[in-house]
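Here's the structure, in structure tokens; my notes come after.
The values are calculated or read from the model by the stated rules, or taken from the named source; none is laboratory data. Since we're looking at a predicted model, the values are computed, not measured. Because the Cβ atoms are built from the backbone with ideal geometry, glycine has one as well, and the counts that use them run over all protein chains shown. Note: accessible area is taken over every heavy atom of the protein model, side chains too, but ligands, DNA and RNA are not part of it. Shrake-Rupley method; radii C 1.70, N 1.55, O 1.52, S 1.80 Å.
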Amino acid sequence: MRRSGLIIGSVLAAMTLSPAVYALDGITVEGGDSSESTNVWRVGAQFDFGRTLWQSDGGGAVLTGFWDAGYTHWSGLDAETVSLAPVFTLNFPGDGGVTPFIEGGIGAAIFTETNLADRRDLGSKFQFEDRIGAGLRFNSGAELGVRWYHYSNAGIKQPNSGINKSAVYFRYPL
């Protein structure tokens, strides 16, 4: 039951501790609520793609991205999640030293439980993690923002009730 979480956690730890493969660029801490009215706490590690994917002619919009590896504790639902997702960020640089951005990504998550405190049956431990967010990046590289997540197994196994969470986060650059 916890074996898949241990395997994914080991892979994420190896990625985090292996600077030859990826450089750890930031640590995120976030807190919020689930669609089951419980608290959700998450810590994540970010690994920037290291290049600009697209830029508008005038430079007013810049597309970048990062890999996000995370651990989530679902308070009151007796579950934890490990996840890995590529996240694409559309930045709107300006002259004020603060860069607003929006982000989105689709990744994978492994839940430790499928039946969350007898409230919701996810059907499988494997879930897709969809996210959208918005925030501000400061000159120091720190970020403050909000995110909305949806977890679902996309009908791979029934039931497919899914679960949502929304959170406020702070990213500390490394």
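Laid out as a table, the results:
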| quantity | calculated |
| --- | --- |
| Tensor-based shape of the stretch 77-124 (alpha-carbon gyration tensor, a/c under 1.5 rounded, otherwise prolate or oblate) | prolate |
| Charge sum, other residues only, whose C-beta stays under 14 Å from Ile27's C-beta, Lys/Arg counted +1 and Asp/Glu -1 | -3 |
| The stretch 89-174: C-alpha gyration tensor shape, a/c 1.5 cut-off, then a/b vs b/c | prolate |
| Summed side-chain charge close to Asp78 - residues other than Asp78 whose Cβ falls under 11 Å, Lys, Arg +1, Asp, Glu -1 | -2 |
| In sequence order, calculated HN-Hα J values of the stretch 100-115 (Karplus, 6.51, -1.76, 1.60; Hz; x Gly/Pro) | x, 8, 10, 9, x, x, 10, x, 10, 9, 10, 8, 6, 9, 9, 9 |
| Relative packing of peptides 74-86, 40-52 - highest average C-beta neighbours within 10 Å first | 74-86, 40-52 |
| Positive minus negative residues near Pro173 (Lys, Arg vs Asp, Glu; Cβ under 13 Å) | -1 |
| Enclosed volume per residue, in Å³, of the convex hull spanned by Cα atoms of the chain | 109 Å³ |
| Given charges at Cβ of Lys, Arg, Asp, Glu: the chain dipole, positive-most of Pro86, Ala61, Val146 | Pro86 |
| Listed residues Lys165, Lys157, Lys125 arranged by accessible area, highest first, probe 1.4 Å | Lys157, Lys125, Lys165 |
| Using a Förster distance of 22 Å, the FRET efficiency for Trp41-Gln158 (Cβ separation, nearest 0.05) | 0.15 |
